[in-house]
Every structure is written in structure tokens, then in C-alpha cells.
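The values are calculated or read from the model by the stated rules, or taken from the named source; none is laboratory data. Just so it is clear, the structure is predicted and the values come from calculations on it, not from any experiment. Glycine gets a Cβ as well: all are built from the backbone with ideal geometry, and neighbour counts include every protein chain shown.
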Amino acid sequence: MQVIGIVSKILLEGTYKQVFNLACQGQSVRVENGINLRVLTGDTIAVSGKFVIVPKYGKQFQANHISYVPITTPLLRHFLKTGTGIGDAIVDRLLSAYGFALIDLLENKNIAAIKSVERISEAVAIQLCKTWHAAKGKIDLIKMLENKLTNESKKLAFLSLTLQ
């Protein structure tokens, strides 16, 4: 089974386990993450696993795989509202003004264009860009590591075949 959403709150951060709330389809799912990939509030992810009953905490989704997912309009809306202090009205204005072009503005830190939207202050525009780049930086690092590990695995497999 798979659930897709945005990490809304980290509930537990331990050495071997992480528990967080995942906002998805109008509800919150508690996810138990025992794998090596750690998530942050605001991350847009797909989680594979199964629902289990934990006696002390009730129903939780036990993750066996987590991956990052492409941004959709609902996910972009939720991202804009998470950790920035802006509400539906401002999100609506931003998306009406720019649509998915907003992603390029955030990516390029175009504060002037973002704050040109009615009732968007420079401080909010800066915070949106900072939040975007914090999330994007983490995704880029993970992609680079996955690529490196894949390439290293291929090299090791090739070496093991040539040494036989």
C-alpha cells in the first residue's frame, strides 16, 4: 500500500526510528519510519508500507520505502502554507498570478516578482524562497547520493565479474 502527502509534523526523532504526521487527502496519517532516509516538515513524499496497530499509539503506517514525488497543484498549495504563515487567500493570489511558473520564481529567488502580488510582503517572499531551497537542497542531495550509490554498485558488480 502507498500513501502520498506532505510531512506536516515530526513527532519523534530517534537514532533508529522517526515518527511523523503525513497530510494526505484531507487527513493526517501517522507514519513510523524505520528506514535510513529521514524526512523534514514540508517534504512531499510517497510512502510504501502497511497499516499496523501499535498498542500505545493506535493505528500507524509502517514505512518500508519512502521516495520524493513531483509537485502537483494541491501539493504546491500545501507547501506554500506549511511553515510560512500564509493562508488560502494569499496562496490563491500567488497561484492565480503565476501558476506553476511560481516554482521558477522560487527557484531563482525572484523576490521582486513574488512580492509584486497583492498583500505579499518582502519578508514572506524571502521566507517562501528559503523554505523552497531548503527542501530542494535536500532532494538534490538525495538524488546525487542515489546516483552515486547506483554507479558504485554497478562498478562493484563489474569488478566482481572481472575478478572471477
Looking at this structure, is VAL39 of a type outside the set (Asp, Glu), within 18 Å of ILE10 (Cβ to Cβ), within 12 Å of the chain's Cα centre (by Cα) and assigned to a loop (DSSP other than H, G, I, E, B)?
-> yes
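Yes or no: LYS9 modelled with pLDDT of 80 or more and either surrounded by fewer than 13 Cβ atoms within 10 Å (Cβ to Cβ) or within 25 Å of LYS130 (Cβ to Cβ) (or both)?
Yes; evaluated as a whole, the condition is true for this residue.
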THR41 versus (1) of a type in the set (S, T, N, Q); (2) without any contact (Cβ under 8 Å) to a residue 40 or more places away in the chain; (3) closer than 22 Å to TRP132 by Cα: which is the lone unmet condition?
-> (2)
Enumeration of residues in the stretch 13-39 that are of a type in the set (A, V, I, L, M) and either modelled with pLDDT of 90 or more or closer than 17 Å to ASN64 by Cα (or both) = VAL19, LEU22, VAL29, VAL31, ILE35, LEU37, VAL39
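Each row is one residue, and each column tells you yes or no for (1) small (Gly, Ala, Ser); (2) touching a residue at least 60 places away in the same chain (Cβ under 8 Å); (3) exposed (fewer than 11 other Cβ atoms within 10 Å of the Cβ).
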{"residue": "ILE45", "(1), (2), (3)": "no, no, no"}
{"residue": "LYS50", "(1), (2), (3)": "no, no, yes"}
{"residue": "VAL54", "(1), (2), (3)": "no, no, no"}
{"residue": "SER67", "(1), (2), (3)": "yes, no, no"}
{"residue": "PRO74", "(1), (2), (3)": "no, no, no"}
{"residue": "ASP92", "(1), (2), (3)": "no, no, no"}
{"residue": "GLU107", "(1), (2), (3)": "no, no, no"}
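With the condition being at pLDDT 90 or above, I'd like the helices (runs of 4 or more DSSP H) fully within the stretch 47-114 carrying at least 2 qualifying residues.
Of the helices (runs of 4 or more DSSP H) lying wholly inside the stretch 47-114, those with at least 2 residues that are at pLDDT 90 or above span 88-98.
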